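Here the structure comes first, spelled out in structure tokens, and everything after it is commentary.
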Amino acid sequence: MEHPENDSAYKGLKVNSGVTEAPTINPYLKKRIKRQQYTVSEFVEGILKGNITILSQAVTLVESAKHEHQQIAQEIIERCLPFAGKSIRIGITGVPGAGKSTSIDVFGMHLLKQGHKLAVLAIDPSSERSKGSILGDKTRMETLAKEKDAFIRPSPSAGSLGGVARKTRETIILCEAAGFDSVFVETVGVGQSETAVHSMVDFFLLIQLAGTGDELQGIKRGIMEMADGIVINKADGDNVEKAKLAAAQFRNALHLFPPTDSGWTPKVLTYSGYYNIGIKEIWDMVYEYIAFTKKNGYFDYKRNEQAKYWMYESINDTLRDTFYNNPAVKNMLEQTEQQVLHNEISSFVAAKRMMDLFLENISK
Ligand code: GDP
């Protein structure tokens, strides 16, 4: 008998034979997609010409988990690198509801009016769980989304925060090669993602709200320390005075921090994204910072430090992936974990055993 459960002794249980799953991709479509594939040179040429369709497809390759896509993506990135690096990269963070999308729409239009080209990217480590990004979404930036000089891309969704961040960092390179001279990287101000964003931008902007008078509570000191500018949004209507008060509190708090590495004193401003008030002042501040750090050498120093950081991040990522994907490791990991949980071996002995196993099987 094929399935013992189908024996009459097991009343109520019946195993049905499986059905073949329908293909997830329409086979006709697959053919069409194949035909549209560009060569690496065509990708690079298209990107350098500022072709948005080709840029988008290249970013899709960067975001793909498939090995063959990664290989092409890496070649494209390498060939775009000499044309990258010329933009001003700005990290924008704030808790949900702080007004990030409203502000990015307005900030973006402000930059486009001055003749800039803007790419808006996002890092949202929660997007894998929620199956779709809440950041960098076109529908959230309605005005900007209609502009040909704006390129909006939601957060890559696959993998760890480190993986997501690396993809965004690589996407910056492609956008710069495509002629975008301003890049925003948006993130939610609630967790680890700020550190990742901070490691790839020139200026870090923290959007805050005035509230109960306890503005400083609940913001992690680390996030404030990273900020080159703190901007209090929704300074409109009845809220203007409260926003000014919040700004004063932030200024006082910043005085207590040690001097920044850049030599720049972070500024605190109030504005209203919704009513378009105080936007120019924010951009004057950003450009003042850029000029200041270019002059004292910090701009280039920070970019070099970031390049170094990303080299080590990539090494760490690759090491971790190689370790956990190694068949011998995969095979023994759970069993070893159980031994640790049952106090049969210590965590350190377990780790050493797994590492030894990995090193013995590394090329297999
Ligand atoms: P996000 O979650 O940080 O992207 O925030 P949104 O941009 O979606 O804004 C959250 C809410 O605040 C929306 O209802 C906006 O209309 C509102 N909002 C955003 N900026 C302002 C502002 O400057 N003033 C006022 N009064 N409301 C604003």
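Taking the numbered list (1) at pLDDT 90 or above; (2) assigned to a strand (DSSP E or B); (3) under 10 Å from the mean Cα position of the chain (by Cα) in turn, Thr187 passes all entries but (1). What residue, among those in the stretch 75-90 that are basic (Lys, Arg) and outside any strand (DSSP E or B), is nearest to the ligand (Cβ to nearest atom)? Per the criteria, the residue is Lys86. Residue count for the stretch 276-295, restricted to those that are outside any helix (DSSP H, G or I) and within 28 Å of the chain's Cα centre (by Cα): 2. A single member of Phe204, Phe257 is under 30 Å from Gly163 (Cα atoms) and either in a strand (DSSP E or B) or away from the ligand (no atom under 15 Å from the Cβ) (or both), and it is Phe204. Scanning the stretch 168-200 for residues being among the hydrophobic types (A, V, I, L, M, F, W, C), out of contact with any Lys or Arg (no Cβ under 7 Å at 6 or more places or on another chain) and away from the ligand (no atom under 16 Å from the Cβ) gives a total of 6.
Could you say which residue among Ala58, Ala65, Ala84 is surrounded by 14 or more Cβ atoms within 10 Å (Cβ to Cβ), touching a residue at least 40 places away in the same chain (Cβ under 8 Å) and over 27 Å from Phe292 (Cβ atoms)? Walk me through it before giving the result.
Working: Ala65 fails: surrounded by 14 or more Cβ atoms within 10 Å (Cβ to Cβ); Ala84 fails: over 27 Å from Phe292 (Cβ atoms).
The conditions single out Ala58.
Here the stretch 91-103 is the region considered, the condition is being over 16 Å from the mean Cα position of the chain (by Cα) and closer than 18 Å to Trp283 by Cβ, and the residue that is farthest from the ligand (Cβ to nearest atom) is Ser103. For the stretch 221-254, residues that are part of a helix (DSSP H, G or I), within 16 Å of the ligand (Cβ to nearest atom) and either of a type in the set (S, T, N, Q) or crowded, with 17+ Cβ neighbours inside 10 Å (or both) total 6.
When Thr195, Thr212 are checked against the criterion of being of a type outside the set (Phe, Trp, Tyr), in a helix (DSSP H, G or I), surrounded by fewer than 21 Cβ atoms within 10 Å (Cβ to Cβ) and at pLDDT below 90, a single residue qualifies: Thr195.
The values are calculated or read from the model by the stated rules, or taken from the named source; none is laboratory data. This structure is a prediction, so every number in the text was calculated from the model and none was measured. All Cβ positions, even for glycine, are placed from backbone atoms using ideal geometry, and neighbour counts span all protein chains on display.
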